[in-house]
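Novice: The structure is given below, and queries will be raised subsequently.
The values are calculated or read from the model by the stated rules, or taken from the named source; none is laboratory data. Everything numeric here is computed off the predicted structure, so don't read it as measured data. Ideal geometry is used to build each Cβ from the backbone, glycine not excepted, and the neighbour counts take in all protein chains shown. Heavy atoms of the whole protein, side chains included, go into the accessibility calculation; ligands, DNA and RNA do not. Shrake-Rupley method; radii C 1.70, N 1.55, O 1.52, S 1.80 Å.
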Amino acid sequence: MSGLRSWSVAQRQSFSSGSAEKPMPGNSMLGHLTSKIKATGPISVAEYMREVLTNPVMGYYVQNDMLGPDGDFITSPEISQIFGELLGIWCLSEWMGAGKPSRFQLVEFGPGRGSLANDILRVFSQLRGALGGAAVSVHLVEVSPKLSQVQAQCLTGDQSQVSASEDEPVYRQGTTTTGLPISWYRNLDDVPRGFSIYLAHEFFDALPIHKFQGTEKGWREVMVDIDPDEPGKLRLVIVPAPTLASTQLIQADEKRRHVEVCPEGGVIVQLLANRIAEDGGAALIADYGHDGTKTDTFRGFKGHKLHDVLASPGSADLTADVDYSYLRRMAGATVACMGPVSQKDFLKNMGIDTRLQVLLRNCADPSTRAQLIQGYDMLTNPLKMGERFQFFTMLNHSLPKKGPAPLPVAGFSELGLS
């Protein structure tokens, strides 16, 4: 565990050495990357993704509000309120299953516009009686200052303040419209310890990946280089010699000939597993993903359409499907892992059909009814988001058990609703 973490931290430090360079004229991310490649040679896909998405001057996430109809993609919480409501029920169910601890931290990674947290907090407010006197607090892990402003507006109105110093672990804090303390952090290490429910919805798919190709000489890393025929363009190349990543990140029994590995995701999962094992709680990860079967999933999105990952870097979102078999391996035996299950199955197990009927029964407006039905279809239809999105959970082993058999976990097994 510690080996992977130190390797990932060392990689991040070596990658970020170029981040402080002055941008090229016209703020060109492409110019910045070509300068770097000319100086050091081809860069890993992980370094490329990290620069393009999170470079502090020109990064896509730093510069843009990329969500919603005018952005580059729409997420499930933007499509239907039911999604967030059911995740709110899931959080409460896990808190109750753990024996209703007196302190309850809701921690979300990459909260987007704050829509998911907003829907969850509305459920917490409506079911305040069920929470009893628990001290509930909200903790958001967000690298984008611009998105943190959007989230703060959504969740607190104007009831949040930015910290005076940039070095503060908590860089923004306030009170939600439902009266709960809320804080913003740049990374998980700064979030206080204690019983927590961790949510990562469309977070892991944006973390940097390394790409590898099996060759006659063994595993070789796929890297980003300047196209010699068109110096203003980038291309993917298979480097001839092994790299540190290609010797350390491939499993000995790997059967695929092309593999994507996300060491940063592995580190975060290990940190979460340790926290859950020591402090109690659970993590729910929902994302485009697979269980160790897919190969080349690296892609770009711009204006809701697929976009060449190497074209006009910094103008489009970059993403790769989450390999849940890798996350499970990184979590180790310290926590219980369940899933992945499809979004369709998870939401149906959580009672989405019943919830939709209740909302339709209480709604007379034809356009709102049509929106609810359309949102339900987008979330559960196997041809849309129903199968492509997968849910995975990590749980504390010592959850209280009633009777000889463990309790079913909400969303991951069919619950009989009487």
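Novice: Are there any pairs, at least 6 apart or on different chains, whose C-beta atoms fall under 8 Å, with the first in region 125-149 and under 28 Å from ASP189 (Cα atoms) and without any contact (Cβ under 8 Å) to a residue 40 or more places away in the chain and the second assigned to a strand (DSSP E or B) and open to solvent by 70 Å² or more (accessible area, probe 1.4 Å), and if so, which?
Specialist: Close Cβ pairs (under 8 Å, with a partner that is assigned to a strand (DSSP E or B) and open to solvent by 70 Å² or more (accessible area, probe 1.4 Å)) amount to ALA134/ARG103; ALA135/ARG103.
Novice: Considering only region 185-215, state which residues are within 16 Å of the chain's Cα centre (by Cα) and without any contact (Cβ under 8 Å) to a residue 60 or more places away in the chain.
Specialist: If the condition is that a residue be within 16 Å of the chain's Cα centre (by Cα) and without any contact (Cβ under 8 Å) to a residue 60 or more places away in the chain, then TYR185, ARG186, ASN187 are the ones that fit.
Novice: Among the listed residues SER28, SER44, SER35, identify the single one that is open to solvent by less than 40 Å² (accessible area, probe 1.4 Å), farther than 30 Å from ILE373 by Cα and at pLDDT 90 or above.
Specialist: On the way: SER28 fails: at pLDDT 90 or above; SER35 fails: open to solvent by less than 40 Å² (accessible area, probe 1.4 Å).
None of the other options fit; the residue is SER44.
Novice: Considering only residues that are open to solvent by 10 Å² or more (accessible area, probe 1.4 Å), modelled with pLDDT of 95 or more and outside any loop (DSSP other than H, G, I, E, B), which ones fall in region 97-107?
Specialist: ARG103
Novice: Name every residue in region 141-169 that is under 24 Å from ARG122 (Cβ atoms), part of a strand (DSSP E or B) and open to solvent by 30 Å² or more (accessible area, probe 1.4 Å), in order of residue number.
Specialist: Selection gives GLN161 alone.
Novice: Suppose we keep only residues that are surrounded by 20 or more Cβ atoms within 10 Å (Cβ to Cβ) and among the hydroxyl-bearing types (Ser, Thr, Tyr) within region 170-190. Which one would you say is farthest from LEU53 (Cα to Cα)?
Specialist: Checked region 170-190; the qualifying residue farthest from LEU53 (Cα to Cα) is THR176.
Novice: So, in region 266-297, of the ones that are charged (D, E, K, R) and under 15 Å from ALA331 (Cα atoms), which residue ends up surrounded by the most Cβ atoms within 10 Å (Cβ to Cβ)? Even if it seems obvious, please write down each step before you answer.
Specialist: Start the filter on region 266-297 by keeping residues that are charged (D, E, K, R), which leaves 275, 278-279, 287, 291, 294, 296.
Adding the requirement that they be under 15 Å from ALA331 (Cα atoms) leaves 275, 278, 291.
On the way: ARG275: 24, GLU278: 11, ASP291: 16.
Per the stated criteria, the residue is ARG275.
Novice: I'm told GLN357 meets every condition in (1) at pLDDT 90 or above; (2) in contact with a Phe, Trp or Tyr (Cβ under 9 Å, 6 or more places away or on another chain); (3) surrounded by fewer than 21 Cβ atoms within 10 Å (Cβ to Cβ) except one. Can you identify the failing condition by its number?
Specialist: (2)
Novice: Can you tell me how many residues in region 392-416 are open to solvent by less than 50 Å² (accessible area, probe 1.4 Å) and at pLDDT below 70?
Specialist: If we filter region 392-416 for residues that are open to solvent by less than 50 Å² (accessible area, probe 1.4 Å), which is where we start, we get 392-396, 399, 409-413.
In the following step, the residues that additionally are at pLDDT below 70 were identified as 399.
Matching residues across region 392-416 total 1.
Novice: Which is open to solvent by less than 30 Å² (accessible area, probe 1.4 Å) and in contact (Cβ under 8 Å) with a residue 60 or more places away in the chain, of GLY351, GLY300, GLY332?
Specialist: Details: GLY300 fails: in contact (Cβ under 8 Å) with a residue 60 or more places away in the chain; GLY332 fails: open to solvent by less than 30 Å² (accessible area, probe 1.4 Å).
Within the list GLY351, GLY300, GLY332, the selection yields GLY351.
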